[in-house]
Amino acid sequence: MSTRSEVSPGTQSQLLRWEEQTPTLPPRVEALRNGIIVSCQASPESPLHGPRFMAAMAQAAEMGGAVGFRVNGPDDVSAVRAVTARPIIGIHKRPQPGFEVYITPDFGSAAAVVRAGADIVAVDATQRPRPGAERLEDLIRRIHEELGVMVMADIATVEEGVRAVDAGADLVATTLVGFTPYTRDEPKPAVHVVRALAGRVKAPVIAEGGIWTVEDVRAVFDAGAFAAVIGSAITAPQLITQRFVGAVPNRP
Ligand SMILES: CC(=O)N[C@H](C=O)[C@@H](O)[C@H](O)[C@H](O)COP(=O)(O)O
């Protein structure tokens, strides 16, 4: 068996380049590579709101080949954890008066979903003010050191993605493209942001937001996505129905 010291200098530099391009990832992240992560979320207005439905949704998605799940709040995370061994990206949506940031806005929110069983925590990593004024780098460091899990940065622009990775984020996701005042008109899915980020950051880039068709899936992977998160198109029957209803010609 050849070792690194036995290979020729040319081969060795090739090896180094390969390692740089394909860094060793933790197994819970590697498990997501080239896969579909299903976002199992239902707002309080939905008849599917609640842990029982979200666990069933995750089980159904797993039967269909989902490699992992994105789940909101400790109750839903713990219910999904009870039915799957696959990675869970936990978020805690906590809107607070006077702030636009609501996805896992602070350390306490992150701790709650990790205690409930999340393997990775996604946080709002936009440039907008955060309740408690915690700095992104401090939030990420605390999640690493005190909770021992990886952090996915939900961003709205390429610059925010680069900054989040510099601040220590392990993965970066296009979740918030189109959901901030300064990206309101951006197209979804954000194929252009995936492409730009994949060329600039070493962390895996996750395409999330507005993926509705198989063509969307191909486009984000062609652009360099490591994995894709799909929510509404799989787990929101009211929106799926609305879309089909809207396609009926000559509707009264
Ligand atoms: C902006 C925001 O709060 N996005 C949330 C993030 O967790 C969810 O409401 C989305 O469903 C999720 O990002 C997946 O997106 P889509 O449902 O378009 O596949």
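The values are calculated or read from the model by the stated rules, or taken from the named source; none is laboratory data. Note that the coordinates shown come from a computational prediction; the quantities given were computed from them, not determined experimentally. Every residue, glycine among them, receives a Cβ derived from its backbone with ideal geometry; neighbour counts consider all protein chains shown.
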Has region 131-138 got any residue that is touching a residue at least 12 places away in the same chain (Cβ under 8 Å) and in contact with a strand residue (DSSP E or B) (Cβ under 7 Å, 6 or more places away or on another chain)? no
Please pick out the residue among Ala233, Ala228, Ala219 that is under 22 Å from Leu176 (Cα atoms), more than 12 Å from the ligand (Cβ to nearest atom) and either in contact (Cβ under 8 Å) with a residue 12 or more places away in the chain or outside any strand (DSSP E or B) (or both). Ala219
Per-region count, region 185-216, residues within 20 Å of Asp166 (Cβ to Cβ), out of contact with any Ser or Thr (no Cβ under 8 Å at 6 or more places or on another chain) and not in a loop (DSSP other than H, G, I, E, B): 3
Tally time: how many residues in region 98-145 are in a loop (DSSP other than H, G, I, E, B), crowded, with 20+ Cβ neighbours inside 10 Å and within 15 Å of the ligand (Cβ to nearest atom)? 6
Is it true that some residue in region 91-107 is out of contact with any strand residue (DSSP E or B) (no Cβ under 9 Å at 6 or more places or on another chain) and on the phi > 0 side of the Ramachandran plot? yes
One residue is enough: does region 30-40 have a residue meeting the conditions over 30 Å from Pro237 (Cβ atoms) and at pLDDT 95 or above? yes
Scanning region 162-171 residue by residue, those of a type outside the set (A, V, I, L, M), within 18 Å of Ile89 (Cα to Cα) and more than 12 Å from the chain's Cα centre (by Cα) turn out to be Gly168
Given the criterion in contact with a helix residue (DSSP H, G or I) (Cβ under 8 Å, 6 or more places away or on another chain) and at pLDDT below 95, identify the matching residue among Arg52, Arg4. Arg4
Has region 168-181 got at least one residue that is assigned to a helix (DSSP H, G or I), crowded, with 24+ Cβ neighbours inside 10 Å, at pLDDT 95 or above and away from the ligand (no atom under 15 Å from the Cβ)? no
Odd one out for Val205, checked against (1) surrounded by 18 or more Cβ atoms within 10 Å (Cβ to Cβ); (2) over 15 Å from the mean Cα position of the chain (by Cα): (2)
When you scan region 68-91, do you find a residue that is surrounded by 23 or more Cβ atoms within 10 Å (Cβ to Cβ) and among the acidic types (Asp, Glu), even just one? yes
Being over 14 Å from Asp106 (Cα atoms) and not hydrophobic (A, V, I, L, M, F, W, C) narrows Thr126, Thr157 down to just Thr157
Flagged in region 194-214 as under 22 Å from Ile120 (Cα atoms) and either hydrophobic (A, V, I, L, M, F, W, C) or within 13 Å of the ligand (Cβ to nearest atom) (or both), in numbering order, are Val194, Leu197, Ala198, Val201, Ala203, Val205, Ile206, Ala207, Glu208, Gly209, Gly210, Ile211
